[in-house]
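Q: Could you have a look at this structure, given as structure tokens, before my questions?
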Amino acid sequence: MHLIGIAGIFFGMVASLAAVEWKKHTVVPAGKGSINGVSASDFDGDGEIDVITSVDRQVIVLKGPDWKKFPVHDFVEGLARNKPRPACIHSCLMDVDGDGDMDFIGSNQTVFWLECPKDLFSGKPWKYRTVDDEILGTHCVITGDVNQDGKVDLIANSFRDPISTKFPNSIVWLEVPAKPHEAKHWKRHVFADRDSPGGSHYMGFGDVNGDGRPDIAAGAKGTQAFLRGQWFAWWEQGEDATKPWTKHVLATDEEGASNIMPADFDGDGAMDYFASRGHGKGVLWFKGPKFKQIEIDPEIAFPHSLDLADFNGDGHIDAVTCGKEKDGVAKWYENDGKGSFTAHVIGKEQGSYDTRAVDMDGDGDLDVLIAGHGSRNVVWYENALKSSPMPTSRD
């Protein structure tokens, strides 16, 4: 076959695969309560991915691949000074105590952690401990080695007003105590000191100016009476990570700004940002080093979740998001390596507050795990990009 014919088959197959909606698998069926955060790990080391989330006043682990439910924590009053809500607004995983397994970090009026036990499916609750109950309005918890000491830290926001908290309109990073099982609180460092107003949402972590120190970015929704929001910005870490950092505004008048994450999308060696307006419309990117704003998909509604990963195995970082309401659309944005993105629908009628790129079925590619806020479920979409073999020169 001529090379032109082979190329035509190849690109035609890529286009057809990209247009295919990915197979949807249910982990937690739709229920009464919203589900805002989800994480995945092989907690018991059996080779199968397990899922952890919170809903209906519990944190639950779902053992893969059959998703049998194991409650590991009940939200009750008295464990911290703040009254918990029925579910976490966000969560992540972190090996807090350095024992080799992943513990659960949650934000539910209080930032807390649950210690993963050795026999995690015994039916006994995981041990609860407070991380910080003075910051409030923590809409995001992420991890990273902030001060480059070789230890992973926790990053969290505190967007409530001065009446509610001593740390209003701020973002902090927290060091794990030397004895995490005994400490009542973690050591708090306020790096965005009262200069993150308007309902700061989700954050991105990475060195964007090439000085060897990781920086932190955030978006603020500015809707529903959250004043001085509607912006994307990043904070530049100085020589002393414990002192307030320098804020750089990327864009203003960004109604519903929510998510922002760094990566080099165009291969020029400068870090860029991918962002979404989760309480408005649209996804966009900021081309570094001057962070020129470029719209990608101005029409997608309420893209409240975001993750970055290489979904088609071409070596370029792509993005995935999903609308927050129950009629939301899940899309992945294919990056050609030069910062040009093509949108592909992977599913419809699905809400999301949290989206994670995870190899759920162990087949070597990345699938999409979603905590359904409006749709009140947890699902994962099976990567369809390897569903047919690519042609070779022998075809």
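The values are calculated or read from the model by the stated rules, or taken from the named source; none is laboratory data. This one's a predicted model, so the numbers in the text were calculated from it and none came from an experiment. Ideal geometry is used to build each Cβ from the backbone, glycine not excepted, and the neighbour counts take in all protein chains shown. What goes into the accessible areas is simple: the full protein's heavy atoms, side chains included, and nothing from ligands, DNA or RNA. Shrake-Rupley method; radii C 1.70, N 1.55, O 1.52, S 1.80 Å.
Q: Return the total of residues in segment 76-132 being surrounded by 22 or more Cβ atoms within 10 Å (Cβ to Cβ), among the β-branched types (Val, Ile, Thr) and not in a strand (DSSP E or B).
A: 1
Q: Which numbered condition in (1) in contact (Cβ under 8 Å) with a residue 60 or more places away in the chain; (2) more than 22 Å from Val358 (Cα to Cα) is the only one that Cys140 fails?
A: Checking Cys140 against (1) in contact (Cβ under 8 Å) with a residue 60 or more places away in the chain; (2) more than 22 Å from Val358 (Cα to Cα), the one that fails is (2).
Q: Any residue that is within 21 Å of Val96 (Cβ to Cβ) and hydroxyl-bearing (Ser, Thr, Tyr) - is there at least one of those in segment 189-200?
A: No: segment 189-200 contains no residue that is within 21 Å of Val96 (Cβ to Cβ) and hydroxyl-bearing (Ser, Thr, Tyr).
Q: Tell me, yes or no, whether segment 355-363 has at least one residue that is at negative phi, at pLDDT 95 or above, part of a loop (DSSP other than H, G, I, E, B) and open to solvent by less than 50 Å² (accessible area, probe 1.4 Å).
A: Within segment 355-363 (the criterion being at negative phi, at pLDDT 95 or above, part of a loop (DSSP other than H, G, I, E, B) and open to solvent by less than 50 Å² (accessible area, probe 1.4 Å)), the answer is yes, since at least one residue qualifies.
Q: Inspect all residues belonging to segment 204-212 and state whether any of them is open to solvent by 10 Å² or more (accessible area, probe 1.4 Å), over 30 Å from Glu334 (Cβ atoms) and either of a type in the set (Lys, Arg) or over 19 Å from the mean Cα position of the chain (by Cα) (or both).
A: yes
Q: Also, quick follow-up: Please identify the pairs in which a residue from segment 295-313 that is under 17 Å from Asp264 (Cα atoms) and at pLDDT 95 or above has its Cβ atom under 6 Å from the Cβ atom of a residue that is open to solvent by less than 20 Å² (accessible area, probe 1.4 Å) and polar (S, T, N, Q), counting only partners at least 6 apart or on another chain.
A: Listed pairs, sorted by first residue: Leu306/Asn259; Leu306/Ser276; Leu306/Thr321; Asp307/Thr355.
Q: Considering only segment 239-252, how many residues are open to solvent by less than 70 Å² (accessible area, probe 1.4 Å) and basic (Lys, Arg)?
A: Residues flagged as open to solvent by less than 70 Å² (accessible area, probe 1.4 Å) and basic (Lys, Arg) within segment 239-252 amount to 1.
Q: Just to be sure I understand, how many residues within segment 213-233 are open to solvent by less than 20 Å² (accessible area, probe 1.4 Å) and closer than 23 Å to Asp145 by Cα?
A: Within segment 213-233, residues that are open to solvent by less than 20 Å² (accessible area, probe 1.4 Å) and closer than 23 Å to Asp145 by Cα number 8.
Q: Given the structure, is Glu236 closer than 17 Å to Asp195 by Cβ, of a type in the set (Asp, Glu) and surrounded by 20 or more Cβ atoms within 10 Å (Cβ to Cβ)?
A: no
Q: Among (1) open to solvent by 20 Å² or more (accessible area, probe 1.4 Å); (2) in contact with a strand residue (DSSP E or B) (Cβ under 6 Å, 6 or more places away or on another chain); (3) within 19 Å of Val61 (Cα to Cα), where does Asn377 come up short?
A: Against the list (1) open to solvent by 20 Å² or more (accessible area, probe 1.4 Å); (2) in contact with a strand residue (DSSP E or B) (Cβ under 6 Å, 6 or more places away or on another chain); (3) within 19 Å of Val61 (Cα to Cα), Asn377 comes up short only on (1).
Q: Additional query: Consider only pairs whose beta carbons are under 7 Å apart and that are at least six residues apart or on different chains; among these, list those whose first residue lies in segment 209-226 and is more than 18 Å from Ser276 (Cα to Cα) and whose second residue is surrounded by 12 or more Cβ atoms within 10 Å (Cβ to Cβ) and of a type in the set (Val, Ile, Thr).
A: The qualifying pairs are Pro214/Val146; Asp215/Val208.
Q: Is it fair to say Val172 is in a strand (DSSP E or B), at pLDDT 95 or above, open to solvent by 10 Å² or more (accessible area, probe 1.4 Å) and β-branched (Val, Ile, Thr)?
A: no
Q: Further, regarding this structure: Out of curiosity, is Ser258 crowded, with 24+ Cβ neighbours inside 10 Å and in contact (Cβ under 8 Å) with a residue 60 or more places away in the chain?
A: For Ser258, the condition - crowded, with 24+ Cβ neighbours inside 10 Å and in contact (Cβ under 8 Å) with a residue 60 or more places away in the chain - is not met.
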